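Structure, as structure tokens:
The values are calculated or read from the model by the stated rules, or taken from the named source; none is laboratory data. Everything quoted here is computed from the prediction, not taken from an experiment. We place every Cβ from the backbone using ideal geometry, glycine too, and count neighbours over all the protein chains shown. The area values use the complete protein model at the heavy-atom level, side chains included, leaving out ligands, DNA and RNA. Shrake-Rupley method; radii C 1.70, N 1.55, O 1.52, S 1.80 Å.
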Amino acid sequence: MAKISKAAAKERIDFLKKELEQQNYNYYVRNEPAISDFEFDLLMSELQGLEHMFPEFATEDSPTRHVGSDLSGQAGSDFAQVPHRYPMLSLGNTYAKEELYEFDNRIRKATDAPYSFSCELKFDGTAICLTYRQGRLLRALTRGDGAKGDDVTRNVVNIPAIPRVLHGEGIPEEFEIRGEIYMPFAAFDRLNTERAEAELEPFANPRNAASGSLKLQNPAEMRTRGLDCVLYHVLGENLPFKTHIEALEAARSWGLPVSEYSRHAANIDEAVAYIDAWDTRRKTLPFATDGIVIKVNELDLQRQLGFTAKSPRWATAWKFKPEQALTPLLSVDYQVGRTGAVTPVANLEPVLLSGTVVKRASLHNKDQMDLLDIHIGDYVYVEKGGEIIPKITGVELSKRPEDALRPEFPVCCPDCGTPLVRDEDEARHYCPNRESCPVQIKGRFIHFAGRKAMDILAGDATVEALYNKGFIHTLPDLYTLTREQLVSLEGWQEKSADNFLASLEASRKVPFERVLYALGIRHVGEQTAKTLARHFGSIDALAAATREELIQVEDIGGIVADSIQAWFTSDAGRETVRRLREAGLQMSVADDARQRLSETLAGKTIVISGNFSISREAMKELIEAHGGKNAGSVSGKTAWLLAGEKAGPEKLKKAEKLGIPILSETAFNHLIGKE
Ligand code: IVH
């Protein structure tokens, strides 16, 4: 990786974190990914590289350390959120064969015993966790944020592949089995044809269709969607299996859908041969796959290897390289975002790539355009990873027309005409006209109304309409909207106006940390807002904080501190706070929230052992603050053993014997969402 200054690294890390969080949200919650998986993986590995070089900026809340969340929590969605018994993690992935050998070397170093692998297709669907008790399906949870998932049982019972009752020998009293719910191509094509006929937006790919269908509020409609399921991971206490494959074979014998394409590999070379065989063969499958998963087969060794904060050390995913196409670049558009950042987007001669027609591709920023030395009329290589918005990866110089010209990166904002600025060390150009640039203003409202912010029923179209009518200019204007104004909007009826006003009313109770996030202060993302809210307790305390006080807070650097101060000392910022307070929004942390941080550990008994980065007493308080109970010794009732440095060997042994999951401090922090 090229040399980079510390300040630039921090900015880039902040940017990548935000970008990856946003992409996770697009992917898991909106089911509308905006970038390809390949591009996502590239951003993720860039962030990993930077965090490795600058460990002081590697925070617990980084997307490198937690899985993307699919929790709905949307208006109108009423899935209960239920904690996972065992955290539901993701997989490390690679596109390079050397890394598979490195994966094998790491395992070899950890053991003297012989080991082997299970090689499996990586189904491109949406993860599901099924619990069976006394041979009956008890519950189905989505992955959620890894610690808790949406309870989608009522929908899952409508998937014919998933048995409600099991039959056969040796079914454990209770166990979990995890896998993927996916939509075969045939069902996907049928669904999209029906949607086109009904003038509904088609799904971008089978994965989004599967995950969108699973979250439908109407189980009867679910039944028509043709979903299928494959299961690939058995978990439970005291299960009698020695290997992963043995566990899956047992599951198959009880009637559960287990992949028929998995193979045992005696060593990594055999696993690589499996990968090579499927590289082309996968194209003949009736469903989407995005790679191959290689897992250590021996369960003792799996337990010994354990987990990082985000993924098991005993498994890895090989991702298939995206397919390429060559097509002419017709023109470049420049889009302005909420923060004023300008993104170039390429318009392409439509071309078929991995089964869909591609017309547009992101060019990221001016540096990227310069790096590619892209010209209008050039034949460009486009790639797709997760079959969504593609990326331009190169230019075919031999095909460049003689008169081809470089696209001119604009010097002025395409929306409001203000001259653009480029921050030092930043690859992006910004429109500095924060106060009156229409796209930025509208972007701020869309952010403010967002689900993770104030959760107000106002999407792009509503904000556009309210803005065009001149009803809203600064955020507090939302709270002055009248019913008459709302019904005057095209297509609005009394009912939609009432729903909107009800969501506005409900937003007055939104906790302070989300209000702070909703303000859209640059560099204050969801996690930073939480940290600031907990640290300062109120907006007045935060506004009064000096730069020194701010940078003393964990994870707050100079750039963030400056941005916070600039916001609170600006006239517009002060006026916004004054009017939002007047509108009745939460401007401080509620008292009960201070005592109880969450219910994540409700009903869980946790045993701690060893030393942690905080005192043992503080750790116990933390467990209680998240609703958990402390116990002194490991028993069948223990949910987790939280093992710090020098954890007691007896406790560890007992937990392993009883099959009780052992959590590291990092994994625990992740579980409770502690930054
Ligand atoms: S094993 C502890 N096996 O890929 C993690 N995952 O990118 C266990 N996936 O979250 C996961 N096919 O949703 C596993 N044969 C397979 C899979 C598979 C698809 C999904 C799964 C996982 C994601 C990671």
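What to note about this one:
- Residue within the range 341-363 that is outside any strand (DSSP E or B), more than 16 Å from the ligand (Cβ to nearest atom), open to solvent by less than 40 Å² (accessible area, probe 1.4 Å) and over 25 Å from PRO414 (Cα atoms) present: yes
- Exclusive hit being part of a helix (DSSP H, G or I) and either touching a residue at least 40 places away in the same chain (Cβ under 8 Å) or within 16 Å of the ligand (Cβ to nearest atom) (or both), set PHE38, PHE79: PHE38
- Among the residues listed as LEU43, LEU89, LEU16, LEU47, the single one being of a type in the set (A, V, I, L, M, F, W, C) and closer than 30 Å to ARG154 by Cα: LEU89
- Going through (1) surrounded by 15 or more Cβ atoms within 10 Å (Cβ to Cβ); (2) small (Gly, Ala, Ser); (3) within 30 Å of GLY459 (Cα to Cα) one by one, SER331 falls short only on (1).
- Of all the residues in the range 224-238, those that are buried (at least 17 other Cβ atoms within 10 Å of the Cβ) and more than 16 Å from the ligand (Cβ to nearest atom) number 2.
- Residues of the range 527-573 that turn out to be over 25 Å from SER62 (Cβ atoms), in contact with a helix residue (DSSP H, G or I) (Cβ under 7 Å, 6 or more places away or on another chain) and not small (Gly, Ala, Ser), as a count: 2
- Counted residues, the range 128-179 - those being outside any strand (DSSP E or B) and either in contact with a His (Cβ under 9 Å, 6 or more places away or on another chain) or open to solvent by 40 Å² or more (accessible area, probe 1.4 Å) (or both): 17
- If the condition is being among the charged types (D, E, K, R) and more than 14 Å from the ligand (Cβ to nearest atom), then the range 254-274 contributes ASP269, GLU270.
Residues are listed down the side, and each one gets a yes or a no for (1) modelled with pLDDT under 80; (2) within 19 Å of ASP145 (Cβ to Cβ); (3) open to solvent by 50 Å² or more (accessible area, probe 1.4 Å):
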| position | (1), (2), (3) |
| --- | --- |
| ASN26 | yes, yes, no |
| ARG30 | yes, yes, yes |
| GLU39 | yes, no, no |
| GLN48 | no, no, yes |
| MET53 | no, no, yes |
| VAL82 | no, yes, no |
| ASN93 | no, no, yes |
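- Some residue of the range 250-261 being surrounded by 15 or more Cβ atoms within 10 Å (Cβ to Cβ) and in contact with a helix residue (DSSP H, G or I) (Cβ under 7 Å, 6 or more places away or on another chain): yes
- For the range 303-313, the candidate set comprises residues that are open to solvent by 30 Å² or more (accessible area, probe 1.4 Å), of a type outside the set (Ser, Thr, Tyr) and within 25 Å of ASP41 (Cα to Cα); within that set, the residue that is nearest to the ligand (Cβ to nearest atom) is PHE307.
- Among (1) modelled with pLDDT under 95; (2) within 16 Å of the ligand (Cβ to nearest atom) - the single one ASP112 does not satisfy: (2)
Matching residues to (1) touching a residue at least 60 places away in the same chain (Cβ under 8 Å); (2) open to solvent by less than 40 Å² (accessible area, probe 1.4 Å); (3) more than 30 Å from PRO87 (Cα to Cα); (4) of a type in the set (Val, Ile, Thr):
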site	(1), (2), (3), (4)
ALA566	no, no, yes, no
THR569	no, no, yes, yes
LEU585	yes, yes, yes, no
THR605	no, yes, no, yes
LEU622	no, yes, no, no
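- Subset tally (residues that are away from the ligand (no atom under 13 Å from the Cβ) and over 18 Å from ALA265 (Cα atoms)) for the range 286-302: 1
- Subset tally (residues that are within 16 Å of the ligand (Cβ to nearest atom) and over 18 Å from GLY291 (Cβ atoms)) for the range 314-332: 0
- Among (1) more than 16 Å from the ligand (Cβ to nearest atom); (2) more than 24 Å from ASP279 (Cβ to Cβ); (3) not small (Gly, Ala, Ser), the one test that ASP104 misses: (2)
- Only a single criterion out of (1) among the charged types (D, E, K, R); (2) part of a loop (DSSP other than H, G, I, E, B); (3) away from the ligand (no atom under 16 Å from the Cβ); (4) under 24 Å from LEU663 (Cβ atoms) is not satisfied by GLU51, namely (2).
- Scanning the range 634-654 for residues being free of Cβ contacts under 8 Å to residues at least 24 places away in the same chain and surrounded by 16 or more Cβ atoms within 10 Å (Cβ to Cβ) gives a total of 1.
- Boolean, SER69 is under 26 Å from ASN669 (Cβ atoms) and within 16 Å of the ligand (Cβ to nearest atom): yes
- The residues in the range 655-669 that are open to solvent by less than 30 Å² (accessible area, probe 1.4 Å) and at negative phi can be counted, and the count is 7.
- Among the helices (runs of 4 or more DSSP H) confined to the range 451-529, the ones with at least 1 residues that are among the aromatic types (Phe, Trp, Tyr), surrounded by 15 or more Cβ atoms within 10 Å (Cβ to Cβ) and in contact (Cβ under 8 Å) with a residue 24 or more places away in the chain are located at 460-468, 494-507, 512-518.
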